[in-house]
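Questions regarding the structure given below will be posed in turn.
The values are calculated or read from the model by the stated rules, or taken from the named source; none is laboratory data. In this text, all values refer to a predicted model and were calculated from it rather than measured experimentally. Here the Cβ positions follow ideal geometry from the backbone for every residue, glycine too, while neighbour counts run over all protein chains shown.
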Amino acid sequence: MNVTVLGLCGALLVGIGVFAFLWQRHLLRRVLAFNVIGSGIFLYLGAAGARGGAADPVPHALIITGIVVALSASALAVALVLAHLHASSATRLPEDEP
Amino acid sequence: MSGWFMFLATVLLLSLAGALWRVWSGPSQADRMMAAQLVGTGGVGVVLLLAAAGDWAMIDVAVVLALLAAFAAVAFVKAQTPQGAGDPEDDADG
Amino acid sequence: MSLILPLLAAVPLLGAIAAVLAPRAGKGIGLGVAIVLLAALAVLVGGLNTPVVLPLGGWEPPLGIALRVDGLAAAFLGLAAVVMTGVLIAAPYRGAGREAAAFWPLALLLWGALNAIFLSRDLFNLYVGLELLTLAAVALAALSGSAGALAAAIRYMVFALMGSLLFLLGVALTYAAHGALDLAALPGRNPQPTDALAAGLMTAGLLVKTALFPFHAWLAPAHSGAPAPASAMLSALVPKASFYILLRLWFEALPDLGRPGFLWLMGALGTAAILYGGVMALRQARLKLVIAYSTVAQIGYLFLVFPLAGGGGAAQPWAAGAWTGVVFHALAHGLAKAAMFLCAGLWLAAAGNDRIEALRGAARATPMAVFAFALAAISLMGLPPSGGFTAKYLMVTSAFAAGAPYWALGPLLGGLLAAAYLYRPIAAAFAPVEPELRPVPRGQQAVPLALALGAIVLGLASAPPFDLLQIGRPEAAARGVE
Amino acid sequence: MTLAFDLVLCAMIVGAAICAAVAGTIFAAAVFFIVYGIFVSLAWLRLDAFDVALAEAAMGAGLTGILLLRALGRMPASEDRPGPALAPALAGAGLALALGWAFLALPESAGLGPVVRNAAPGAGAENPVTAVLLAFRAWDTLLETIVLLAALLGVWALSRDEAWGLPPGLPQRVRPDGVLAGFGRILPPIGAVVGVYLVWAGTSRPGGAFQGGTVLAAVALLVSMAGLAQAPRVTSGALRLVLVAGPLVFLGMAFIGAVLSLWQPGAAFLALPEAHAKSLILGIELMLTLSIAVTLAALVAGPPEDRA
């Protein structure tokens, strides 16, 4: 029961993150939404692996790998956003500028 | 005993909703950041209660949370200076 | 063999590390990696009779990760090796400045990511490989640092991140349902109601990464905004990696999930991509954008594999032909597109811009490059005797044999469109005027020529690659998905 | 009681996520994201995933939060109008519902837990998560350290040509007798001890190279932000050697296995000899920690910049 609550919470987080990723235009907010989706997926996977009583260590290892990959991607994305800001004085993609 | 710790942890967690409200309403950036620090401290408390109710191996997480909250505070303070590279004390003087 | 597979997976990564340590020696390191990998591939292909499996660290799946080489993997490893060798020879970066210090290690990391993907049999490992590929590709797309390239790189990253997350979500759901990540374990799984959702999420993510219409918006600006050697890698190789995973997923891991509606949708999107990409390529004034939109169209052909090699429960004699044809198309397009972008890079350097009018008279100034471009164009149009022709011939005959001639419409119209949009640069190059281009050394023109000749040879001598692809060919490629 | 706790926790997580998604200013959104990370690491404790809780606290809430705060400090406070909400809301809600249904429709647990726990002692690590990361799925872990390297190369490539060759990030200016400098002297030793402890404990207890490396990266960033030490130039050979040392040692060990396998049964690419597996794993972890710490610190510091 407890595990189901956390798994459904993960599903909800993915939905919230996808909403924010598609809705927001500011690129930093999209990076942030990307991280919310990522942690939602991890929570979903972790909760699914904990249903048998004893936690399954394989998802834990996958999730740690996933967190590192997400942090790497976020860092590159943030650096790109800042470089784009210096080059074009914009915090959005050209097609999203009002 | 562990049920009692879980009860305390739940109450402590609920009380952090107040901090969430402060993050939402601000109004200044420092208000929001201080509220986040409060959630960090409350989080450490919750971890300790969970550890008391379950497995003491959890306290490593409390240590890391406490440490990184302090680092985040420094990052916030630096971010208040021009280009995030100065010292707010200097900027206050000048 | 126990040494060849680790070499293929790890030598590009070691090369990248060496290039980080010695940025000035980047080119030498890259060429050294190319020699080792070409030799390793020659030994591998020479001795490959049945698929080779290597459980890493001696840990068999499901506990560990296994690498595997069959004909398909060998073909894509070979494509990556040939294109990367050409790109590394052609790339002009020297010294230890910003661009050189970034280009060599990133190009080698991109190669390492491609090889890791082509060898891997583990869904989560494929995710990590895709992320490595994406980060290296985005960084290369931004390499010039211009405002346009940075915006294109961010758009690329936004799409790629969304694609990765969807793929990862499908992988997570697959593990949750089956406790397995190994592709070989999935056909024998105990079917679950969540399988269709997991497969759909993985497929959606891979479609975004492959830039299938309508997820193509990021491709043309990113591929045309990158420096030419990077464009060659991004266009010829990177979308192939996610398509390769789609092939593995649908023809090996989950063929039982293919529904007629899904197969039809893939074919329809592929046909739409062929037509849309062709029309857009026709409307561009800049050569690199023509070539980039051509990639949007050429990616569409790949997706005809779903309706042509899938559908129907009974044995289909044409399914194997369609599957082989699509793989041929991927190979021929890779070679031809790399040649075209390298030519575009030469002309951009020689003319100062890449407008099509600037090419007028290029046939006199750079005859070898124009010849290379024309050969590559022959393959993209699907004219004999090129690899592109073999591929289209196989696709079109399977479409008629399957009683679904409408799937031949895309390849036939696409060939006409390709002829139309490639005619303009070639006509400009042969215009009888004094060229305004600065002359280009012949040595630099030789690399795109060799790659374009490769695309032609693939059609002239199609028997050896054809036989190679039959090694360990998935059963579903002959029997049909579903 | 535990169910009440989990329900409250999930409510807080979802509330923080929604606030991070819709908050009126980006700064508020970033602070909500940090708060969200703290709650998520509590959720990992509830799932008995202590290693993941550590990673989430250190990387998700900690370093990602620092990354966002630093980026915001560099940006003008621009107005932030999102696009139309209907289609994104439908997409998000649809996906959440589908995933929720799928979670309830999943078969009884199908994981590899028992298999891993049986094989872990032979792989040289009592902590099963460490065994998965450094033995069974070592290829993932190796590629992941390369992903970090690729991201850093990409970040450095974004510097302007004039700034190439300078140290990562902007030069930091700090009053020598100020609060910041003092803070910078007190905190790093504590952080360094915690970081090393997490790696050391990782083979048998929760922790490991990634968690420990992240804490050490935060220490390095603090030292730099407090102006106590100047980071080396991005062209520095020593810095580059430290960046690649972890993956290089890892790959080297892997290759020794591949070469040995030519005449020694049981040896293989990425296999550690069983007799020395434990000490080799610790050695690889220490090298990885060093590389991860420096790479992460450089990633957050950003591309080299002159004073623009």
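Within segment D:156-169, can you find the residues that are crowded, with 21+ Cβ neighbours inside 10 Å and more than 9 Å from chain C (Cβ to nearest Cβ)?
D:PRO167, D:PRO168, D:GLY169
Can you pull out every residue in segment D:236-287 that is of a type in the set (Lys, Arg) and at the interface with chain C (Cβ under 7 Å from one of its Cβ atoms)?
D:ARG240
Filter segment B:28-43 down to residues that are within 9 Å of another protein chain (Cβ to nearest Cβ) and among the β-branched types (Val, Ile, Thr), then give me how many there are.
Looking only at that region, the number is 1.
As an exercise: evaluate C:LEU359 against (1) aliphatic (A, V, I, L, M); (2) crowded, with 24+ Cβ neighbours inside 10 Å; (3) closer than 22 Å to C:TYR393 by Cα; (4) more than 20 Å from the chain's Cα centre (by Cα) and give the number of the one condition it does not meet.
The single condition C:LEU359 does not satisfy is (3).
Something else now. Among C:PHE103, C:PHE167, which is out of contact with any Ser or Thr (no Cβ under 8 Å at 6 or more places or on another chain), more than 10 Å from every other protein chain (Cβ to nearest Cβ), over 19 Å from C:ALA330 (Cβ atoms) and in contact (Cβ under 8 Å) with a residue 40 or more places away in the chain?
C:PHE167
Considering C:LEU31, C:LEU5, C:LEU44, which residue is assigned to a helix (DSSP H, G or I) and either under 19 Å from D:LEU143 (Cα atoms) or within 13 Å of another protein chain (Cβ to nearest Cβ) (or both)?
Answer to the check: C:LEU5.
Sticking with this structure for a sec: From C:GLY261, C:GLY270, C:GLY310, which residue is within 18 Å of the chain's Cα centre (by Cα) and of a type outside the set (A, V, I, L, M)?
It is C:GLY270.
Please verify whether D:ALA93 is closer than 21 Å to A:PHE34 by Cα and either within 25 Å of the chain's Cα centre (by Cα) or of a type in the set (A, V, I, L, M) (or both), treating the condition exactly as stated.
Here the answer is yes, as D:ALA93 does meet what is asked.
Can you tell me which condition C:GLU60 does not meet? The list is (1) over 14 Å from C:LEU5 (Cα atoms); (2) part of a helix (DSSP H, G or I), and all the others hold.
Single failed check for C:GLU60: (2).
Also, I was wondering about something else. Select, from C:LEU110, C:LEU106, C:LEU77, C:LEU130, the only residue that is hydrophobic (A, V, I, L, M, F, W, C), under 23 Å from C:GLY47 (Cβ atoms) and either more than 20 Å from the chain's Cα centre (by Cα) or assigned to a helix (DSSP H, G or I) (or both).
Just one listed residue meets the conditions, C:LEU77.
Scan D:VAL194, D:VAL132, D:VAL234, D:VAL199 and give me the residue that is among the β-branched types (Val, Ile, Thr) and within 30 Å of D:ASP306 (Cα to Cα).
D:VAL234
Would you tally the residues in segment C:173-219 being of a type in the set (Lys, Arg) and either in a helix (DSSP H, G or I) or under 24 Å from C:MET162 (Cβ atoms) (or both)?
Number satisfying all stated conditions: 1.
To continue, here is another question. Scan segment C:182-195 and tell me whether some residue there is among the aliphatic types (A, V, I, L, M), buried (at least 24 other Cβ atoms within 10 Å of the Cβ) and assigned by TED's automatic domain parsing to the domain that holds C:ALA74.
no
I need the full set of residues from segment C:58-74 which are away from chain D (no Cβ under 13 Å) and surrounded by 23 or more Cβ atoms within 10 Å (Cβ to Cβ), in order please.
C:VAL69, C:LEU72, C:ALA73, C:ALA74
State all residues of segment C:150-162 that are surrounded by 24 or more Cβ atoms within 10 Å (Cβ to Cβ) and more than 7 Å from every other protein chain (Cβ to nearest Cβ); if no residue qualifies, say none.
C:ALA152, C:TYR156, C:ALA160
Taking segment D:285-308 only, how many residues are surrounded by fewer than 23 Cβ atoms within 10 Å (Cβ to Cβ) and part of a helix (DSSP H, G or I)?
Total satisfying the criteria: 3.
If D:GLY202 meets every condition in (1) modelled with pLDDT under 85; (2) under 17 Å from the mean Cα position of the chain (by Cα); (3) facing another protein chain (nearest Cβ under 9 Å) apart from one, which number is that one?
(3)
Kindly list the number of the only condition in (1) in contact with a Gly (Cβ under 9 Å, 6 or more places away or on another chain); (2) of a type in the set (Lys, Arg); (3) away from every other protein chain (no Cβ under 14 Å); (4) part of a helix (DSSP H, G or I) that fails for C:ARG24.
Against the list (1) in contact with a Gly (Cβ under 9 Å, 6 or more places away or on another chain); (2) of a type in the set (Lys, Arg); (3) away from every other protein chain (no Cβ under 14 Å); (4) part of a helix (DSSP H, G or I), C:ARG24 comes up short only on (3).
All but one of (1) surrounded by fewer than 20 Cβ atoms within 10 Å (Cβ to Cβ); (2) among the charged types (D, E, K, R); (3) at the interface with another protein chain (Cβ under 10 Å from one of its Cβ atoms) hold for C:ARG98; state the number of the condition that does not hold.
Every condition holds for C:ARG98 apart from (1).
Anything in segment B:81-94 that is more than 16 Å from D:GLY184 (Cβ to Cβ) and either facing chain D (nearest Cβ under 7 Å) or at pLDDT below 75 (or both)? List them, or say none.
If the condition is that a residue be more than 16 Å from D:GLY184 (Cβ to Cβ) and either facing chain D (nearest Cβ under 7 Å) or at pLDDT below 75 (or both), then B:GLN83, B:ASP91, B:ALA92, B:ASP93, B:GLY94 are the ones that fit.
Looking at segment A:85-94, can you tell me whether even one residue there is in a helix (DSSP H, G or I), out of contact with any Asp or Glu (no Cβ under 7 Å at 6 or more places or on another chain), at pLDDT below 95 and facing chain D (nearest Cβ under 7 Å)?
Yes, the conditions are met somewhere in segment A:85-94.
Next question. All but one of (1) in contact with a helix residue (DSSP H, G or I) (Cβ under 8 Å, 6 or more places away or on another chain); (2) more than 10 Å from chain B (Cβ to nearest Cβ) hold for D:SER78, so report the exception by its number.
Just one mismatch for D:SER78, condition (1).
Among the residues of segment D:263-279, are any of a type in the set (Asp, Glu), in the same structural domain as D:ALA201 (by TED's automatic domain parsing), touching a residue at least 40 places away in the same chain (Cβ under 8 Å) and outside any helix (DSSP H, G or I)?
No, segment D:263-279 contains no residue that is of a type in the set (Asp, Glu), in the same structural domain as D:ALA201 (by TED's automatic domain parsing), touching a residue at least 40 places away in the same chain (Cβ under 8 Å) and outside any helix (DSSP H, G or I).
Quick check on this structure: which one of C:GLY443, C:GLY472 is of a type outside the set (Val, Ile, Thr) and touching a residue at least 60 places away in the same chain (Cβ under 8 Å)?
Just one listed residue meets the conditions, C:GLY472.
Being facing chain C (nearest Cβ under 8 Å) and within 27 Å of D:ALA229 (Cα to Cα) narrows it down to one residue among D:LEU153, D:LEU187, D:LEU106; which is it?
Step by step, each of D:LEU153, D:LEU187, D:LEU106 is checked, and only D:LEU153 is facing chain C (nearest Cβ under 8 Å) and within 27 Å of D:ALA229 (Cα to Cα).
Identify the single condition in (1) over 23 Å from D:GLY73 (Cβ atoms); (2) in contact with a helix residue (DSSP H, G or I) (Cβ under 6 Å, 6 or more places away or on another chain) that B:THR41 does not satisfy, given that it satisfies every other one.
Every condition holds for B:THR41 apart from (2).
Here's another thing I want to ask about it. Quick one: is C:LEU269 under 30 Å from A:PRO94 (Cα atoms), in contact with a helix residue (DSSP H, G or I) (Cβ under 8 Å, 6 or more places away or on another chain) and surrounded by fewer than 24 Cβ atoms within 10 Å (Cβ to Cβ)?
Yes: the conditions hold for C:LEU269.
If you don't mind, another one. Quick check on segment C:106-126. Is at least one of its residues among the small types (Gly, Ala, Ser) and touching a strand residue (DSSP E or B) at 6+ places or on another chain (Cβ under 8 Å)?
Yes - at least one qualifying residue is present in segment C:106-126.
As an exercise: evaluate D:THR214 against (1) modelled with pLDDT under 90; (2) more than 8 Å from every other protein chain (Cβ to nearest Cβ); (3) not in a loop (DSSP other than H, G, I, E, B) and give the number of the one condition it does not meet.
(1)
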